[in-house]
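The values are calculated or read from the model by the stated rules, or taken from the named source; none is laboratory data. Small disclaimer: the values here were computed from a predicted structure and weren't measured. Methodologically, a virtual Cβ is constructed for each residue, glycine included, from the backbone with ideal geometry; neighbour enumeration extends over all protein chains shown. Note: areas computed on protein heavy atoms with side chains; ligands, DNA, RNA excluded. Shrake-Rupley method; radii C 1.70, N 1.55, O 1.52, S 1.80 Å.
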Amino acid sequence: MGLDDDIAILAAAPVFELFERDALRLLSFAGDRRQLDAGELLFSRGEPSDGGYVVMSGTIAVESRRVGEPPVTVARSGLIGRNALFRPVERPADARAVEPAEVMRLTPSVMSRVLREFPEVAAVVRDGIAGELRDLVQGFSRVGERLKTPAARER
């Protein structure tokens, strides 16, 4: 895969879709690549994170271990571990290659460097996360209002 292919894959991934080309180029150079065989574990639930992963090829199954919940499959340009891009977190699920796959690991230090060197990218990321948090709070508020009404409690 060439640099242009890498940039196209990153540009289609969540979080990175609005990044400018130079920021994507830096991510491509700074990211660590890992090849996985079918069935190989990328990470296990409970492990400390070491960054987020963009699927460059193949498919990864993310299994939460909740009873009855099917695994989520993540294919090319999919992002696994968005929060782990920005800070260490505990992995909430297992991730395993469904077929031969390649992933690019992007660490918090790489993301910090990109955000420092490209302040307009930092603003895009901040605005996107702020919008998601606003939507979440509004959703909680709607649920809270429904719980306050007597009709909601009687159901």
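Observations on the structure shown:
- Against the numbered list (1) within 15 Å of residue 17 (Cα to Cα); (2) without any contact (Cβ under 8 Å) to a residue 12 or more places away in the chain; (3) open to solvent by 70 Å² or more (accessible area, probe 1.4 Å), residue 120 comes up short only at (2).
- Residues that are within 19 Å of residue 88 (Cα to Cα) and assigned to a loop (DSSP other than H, G, I, E, B), drawn from segment 17-51: 31, 44, 45, 46, 47, 49, 50, 51
- Meets criteria (of a type in the set (A, V, I, L, M, F, W, C) and open to solvent by 20 Å² or more (accessible area, probe 1.4 Å)) for residue 10: no
- Hits in segment 79-98 - residues which are among the hydrophobic types (A, V, I, L, M, F, W, C), closer than 18 Å to residue 61 by Cβ and assigned to a loop (DSSP other than H, G, I, E, B): 93, 98
- Only listed residue being in contact with a strand residue (DSSP E or B) (Cβ under 8 Å, 6 or more places away or on another chain), basic (Lys, Arg) and closer than 16 Å to residue 110 by Cα, chosen from 33, 65: 33
- Evaluated against (1) of a type outside the set (D, E, K, R); (2) open to solvent by less than 70 Å² (accessible area, probe 1.4 Å); (3) modelled with pLDDT of 95 or more, residue 98 falls short on exactly one condition, (2).
- Per the listing 25, 76, 66, the residue uniquely open to solvent by 20 Å² or more (accessible area, probe 1.4 Å), over 15 Å from the mean Cα position of the chain (by Cα), among the charged types (D, E, K, R) and farther than 24 Å from residue 123 by Cα is 66.
- Listed conditions (1) farther than 17 Å from residue 9 by Cβ; (2) in contact (Cβ under 8 Å) with a residue 24 or more places away in the chain; (3) acidic (Asp, Glu) are all met by residue 69, apart from (2).
- Checked against (1) more than 19 Å from residue 9 (Cβ to Cβ); (2) aliphatic (A, V, I, L, M); (3) open to solvent by less than 50 Å² (accessible area, probe 1.4 Å), residue 133 passes all but a single condition, namely (3).
- Scanning segment 31-56 for residues that are surrounded by fewer than 16 Cβ atoms within 10 Å (Cβ to Cβ) and either small (Gly, Ala, Ser) or in contact with a Cys (Cβ under 7 Å, 6 or more places away or on another chain) (or both) yields a total of 4.
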